[in-house]
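**Q** One structure coming up, written as C-alpha cells, with questions to follow.
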Amino acid sequence: MLAASSLLEIARVAGTNIAAKVSPNVKWMPADGALHGQIVDRLMFWNLAALCAIALVGHLWLVFAVLRRRKASGNFPTAVRWGLIAAFCAMYAWMALTAQRQWAANRYTGPSLTAMHVEVVGEQFQWYFRYPGADATFGVTRSQLVDAAAGNPLGLDPRDPHSADDVVTSVLVLPAGQEVDLQLRSLDVIHGFFIPGMRLKQNTVPGQVLHIHFTPAVAGTYPILCSQVCGMGHARMQARLEVVSPADFAAWMEARVNQRERARTGETAK
Ligand SMILES: [Cu+2]
C-alpha cells in the first residue's frame with residue numbers, strides 16, 4: 001500500500017503537469033530569470049484566477065438570487081455546488097503542497113556542495129554583497145569596525161587572514177546556471193531582500209543569519225529592492241543583480257580582487 005505522503009506527491013505532480021499544460025504565459029509579471037521561477041508564476045496565476053472566479057461566481061449567484069427571490073427553486077443544483085467546492089479544494093491543496101515544497105527547496109534543504117556562497121547585508125539604506133574570495137571562507141566581522149566612510153562598511157577584521165581576500169561590492173554579480181547560496185543579515189533593522197526577476201524574497205533580521213539558495217538561469221540585469229518599510233530612506237534602498245556568463249563573472253571577480261589589492265597596497269604605502 002502506498003504511504004499517504006506518496007499519494008500526496010503523486011497528486012502534486014499530476015496537478016503540476018495539468019497546471020503546466022493549461023497555464024498561459026504570465027505577461028504581467030517581470031521577466032523570470034530563475035530556474036524555480038515558473039513554479040512561483042504558476043502558483044500566482046492560479047491563486048489570482050481562483051480569487052477572480054470566486055468573486056465572479058459569488059456576484060452572479062447574488063444577482064441570480066435577487067432576481068429569482070420569489071421562486072423556491074432559485075438555488076444552484078446541489079451537484080454543481082459541491083462540484084465547484086471540491087474543485088477549489090483540490091486546487092488549493094495542490095497549491096499548498098507545491099508552495100510548501102518550493103519554500104523548503106529554497107530554504108530548508110541545503111544547497112548543493114558546488115553552490116557559490118555570497119553574503120547579503122542590509123543596512124539603512126543600502127545593500128552590500130560579500131564574496132569569500134579564493135579561500136572560500138568569509139572573514140570575521142566586528143560591529144565596532146563598521147565604517148563605510150573608511151571603506152569598511154561591513155566591519156571586516158583585518159587581523160583575520162580569511163578577511164584578506166573577501167570582496168565587498170554594492171552590485172550583486174552572479175554567473176548564469178550556477179547555484180548560489182545567499183546568507184543574509186542586517187546591521188540595523190529588518191529589511192526585505194527582494195529580487196522580483198528571480199522570484200526571490202527573504203527578510204534580513206538583525207542578530208540572525210538566514211540562508212536562501214537559488215539558480216539564476218537567464219543573463220541580464222535585475223533590480224533588487226527592499227520589501228520592508230525600514231525607515232525614511234526605504235524607497236531608495238535599491239541595488240541590482242547582474243547575471244553574466246561564467247567567463248564574464250571570472251573576469252569581473254579578478255578585477256575586483258585586483259582593485260582590492262591596489263587599495264591595500266596604497267594603504268600600506270601611506
Ligand atoms: Cu530596507
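**Q** State which residue pairs qualify: first residue part of a strand (DSSP E or B) and inside the stretch 118-146, second residue among the hydroxyl-bearing types (Ser, Thr, Tyr) and at pLDDT below 90 in any location, beta carbons under 7 Å apart, and separation of 6 or more residues or different chains.
**A** none
**Q** Quickly run through the stretch 138-171 and pick out the residues that are β-branched (Val, Ile, Thr) and in contact with a Pro (Cβ under 9 Å, 6 or more places away or on another chain).
**A** Correct list: Val146, Val167, Val168.
**Q** Same structure again: Output yes when any residue across the stretch 66-75 is at pLDDT below 85 and assigned to a helix (DSSP H, G or I), and no when none is.
**A** Looking for residues that are at pLDDT below 85 and assigned to a helix (DSSP H, G or I), one finds at least one in the stretch 66-75, hence yes.
**Q** Within the stretch 174-186, is even one residue part of a loop (DSSP other than H, G, I, E, B) and either in the same structural domain as Trp28 (by TED's automatic domain parsing) or within 15 Å of the ligand (Cβ to nearest atom) (or both)?
**A** No, every residue in the stretch 174-186 fails to be part of a loop (DSSP other than H, G, I, E, B) and either in the same structural domain as Trp28 (by TED's automatic domain parsing) or within 15 Å of the ligand (Cβ to nearest atom) (or both).
**Q** So which residues in the stretch 198-209 are within 15 Å of the ligand (Cβ to nearest atom) and within 15 Å of Val40 (Cα to Cα), if there are any at all?
**A** If the condition is that a residue be within 15 Å of the ligand (Cβ to nearest atom) and within 15 Å of Val40 (Cα to Cα), then Lys201, Gln202 are the ones that fit.
**Q** Against the conditions (1) of a type outside the set (D, E, K, R); (2) in contact (Cβ under 8 Å) with a residue 60 or more places away in the chain; (3) exposed (fewer than 12 other Cβ atoms within 10 Å of the Cβ), where does Leu97 fall short? Just the number, please.
**A** Just one mismatch for Leu97, condition (3).
**Q** Output the residues belonging to the stretch 235-245 that are modelled with pLDDT of 95 or more and either away from the ligand (no atom under 15 Å from the Cβ) or farther than 17 Å from Gly33 by Cα (or both).
**A** The answer is Met237, Gln238, Arg240, Leu241, Glu242, Val243, Val244, Ser245.
**Q** Let me ask something additional. Going through the stretch 26-60 one residue at a time, which ones are part of a helix (DSSP H, G or I) and among the aromatic types (Phe, Trp, Tyr)?
**A** Phe45, Trp46
**Q** Looking at Ile224, Ile195, Ile212, can you tell me which residue is more than 10 Å from the ligand (Cβ to nearest atom), touching a helix residue (DSSP H, G or I) at 6+ places or on another chain (Cβ under 7 Å) and outside the structural domain of Gln38 (by TED's automatic domain parsing)?
**A** Selected residue: Ile212, the only one of Ile224, Ile195, Ile212 that is more than 10 Å from the ligand (Cβ to nearest atom), touching a helix residue (DSSP H, G or I) at 6+ places or on another chain (Cβ under 7 Å) and outside the structural domain of Gln38 (by TED's automatic domain parsing).
**Q** For Gln102, only one of the following conditions fails: (1) within 23 Å of Leu48 (Cα to Cα); (2) of a type in the set (S, T, N, Q); (3) assigned by TED's automatic domain parsing to the domain that holds Gly207. What is its number?
**A** Only one criterion is unmet by Gln102, namely (3).
**Q** In addition: What residue, among those in the stretch 216-238 that are surrounded by 21 or more Cβ atoms within 10 Å (Cβ to Cβ) and under 15 Å from the mean Cα position of the chain (by Cα), is farthest from Val121 (Cα to Cα)?
**A** Pro216
**Q** Given the conditions (1) more than 16 Å from the ligand (Cβ to nearest atom); (2) in contact (Cβ under 8 Å) with a residue 24 or more places away in the chain; (3) surrounded by 14 or more Cβ atoms within 10 Å (Cβ to Cβ), report the number of the one that Asp160 does not fulfil.
**A** Unmet condition: (2).
**Q** Being farther than 26 Å from Ile212 by Cα and either surrounded by 13 or more Cβ atoms within 10 Å (Cβ to Cβ) or without any contact (Cβ under 8 Å) to a residue 24 or more places away in the chain (or both): is that true of Arg107 here?
**A** No.
**Q** Restricting attention to the stretch 154-196, and to residues there that are under 19 Å from the mean Cα position of the chain (by Cα) and β-branched (Val, Ile, Thr), which single residue is nearest to Gln228 (Cα to Cα)?
**A** Ile190
**Q** For the subset of the stretch 163-198 comprising residues that are of a type in the set (Gly, Ala, Ser) and buried (at least 17 other Cβ atoms within 10 Å of the Cβ), which member is modelled with the lowest pLDDT?
**A** Of everything passing the filter in the stretch 163-198, Ser163 is modelled with the lowest pLDDT.
The values are calculated or read from the model by the stated rules, or taken from the named source; none is laboratory data. Note that the structure is a prediction, hence the values are computed from the model and not measured. Don't worry about glycine lacking a Cβ; one is built from the backbone with ideal geometry, like all the others, and counts go over all protein chains shown.
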